[in-house]
């Protein structure tokens, strides 16, 4: 008689067995497997009995008081598709080249479009920085893949647009971010190696410099519009 | 998550309404804490995880799809924040479990029975702490929160097969550690 193995018993215990009926049929006739299941159930019952502390009704208010000042007002969301559309729309008037002293004042509608993209790029840099910070703080983390994939897609769009406009400095920074994100998404490089690269290449410093330029340009456009 | 909040509140929070987000924090904090504690096994770590969870949730609200269940979405952030918390802590210090901080449930009459109950809890606590972060998170989500294997996989960003293996390893370790506990008080 072929007995049930531990994995089959665990799946059965949690209601995940693919063929529960045949497991039950076997259990009816096999004392050894019944004993195994009883022992497994007893162990898991001990785990269930472990108390978890409960917080009172006021706990939610305490949490809010602790985090409220850490929440910065959120900007309205843009989906990746909207960002892609914005990048295409702005392909002819893209911001990055305009960060240089070669800037000539664009017409108002172009200014508005440029500001929208500047805000989006600024936010993208924020989110990229945050994800890389998480990586540095916890190199083994592999649980932000979906966020990394989204950022990778966005970063590629911004880099391609910056490259088309001939802004190589911005292209380089976005290229570095993209390479890091690519490794995060593919999981081909260990967290420690990625962390070392981030530190050695001064990635956070470069992002901050780029953000400073982006925000300065955003302020310039803002003052021109009002 | 047991808390239920109207979709309309979630929608307002997504639009940037801080008062609506506050409503969500107040509704879900206790559930988030309980899950965070079950994964971190430490009250202070769980407190930190709760704060980090809501800050992350606030930052990621744009990525939350209106058709999804907000509580389930919050599960994912909580579980991953708790795992990150454990990993950060492991890098900086040896873990110790403050068993005295855990409030004991009813243990029945008699001193011997109380001592026995405490010993069992300590063994179980020790067994849980011996699990890896991933094993513990997968086990907690299946055993306590009763998520399906697919939901756990989606939460932890791993395959269903990897989810099963994590749970199998967790259960095996628990059985090895706890198998010798007598089932009745002396």
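The values are calculated or read from the model by the stated rules, or taken from the named source; none is laboratory data. Predicted model only: the values in this text are computed from it and were never measured. Reconstructed Cβ throughout: ideal geometry from the backbone, glycine too, with neighbour counts over all protein chains shown.
Brief remarks follow.
- Considering residues of the stretch B:123-149 that are part of a helix (DSSP H, G or I) and more than 10 Å from chain A (Cβ to nearest Cβ) only, the residue surrounded by the most Cβ atoms within 10 Å (Cβ to Cβ): B:138
- Meeting the requirement of 1 or more residues that are touching a strand residue (DSSP E or B) at 6+ places or on another chain (Cβ under 9 Å) and within 20 Å of residue B:134 (Cβ to Cβ), no helices (runs of 4 or more DSSP H) wholly within the stretch A:110-201 can be named.
- Of all residues in the stretch A:6-40, those that are exposed (fewer than 12 other Cβ atoms within 10 Å of the Cβ) and within 13 Å of chain B (Cβ to nearest Cβ) total 4.
- Considering the stretch B:159-186, and only residues there that are loosely packed, with under 14 Cβ neighbours inside 10 Å and at the interface with another protein chain (Cβ under 7 Å from one of its Cβ atoms), the residue that is modelled with the lowest pLDDT turns out to be B:183.
- Test: residue B:65 is more than 10 Å from chain A (Cβ to nearest Cβ) and either in contact with a helix residue (DSSP H, G or I) (Cβ under 7 Å, 6 or more places away or on another chain) or without any contact (Cβ under 8 Å) to a residue 12 or more places away in the chain (or both): yes
- Residue that is nearest to the chain's Cα centre (by Cα) [pool: residues in the stretch A:196-212 that are at pLDDT below 85 and closer than 29 Å to residue A:117 by Cα]: A:199
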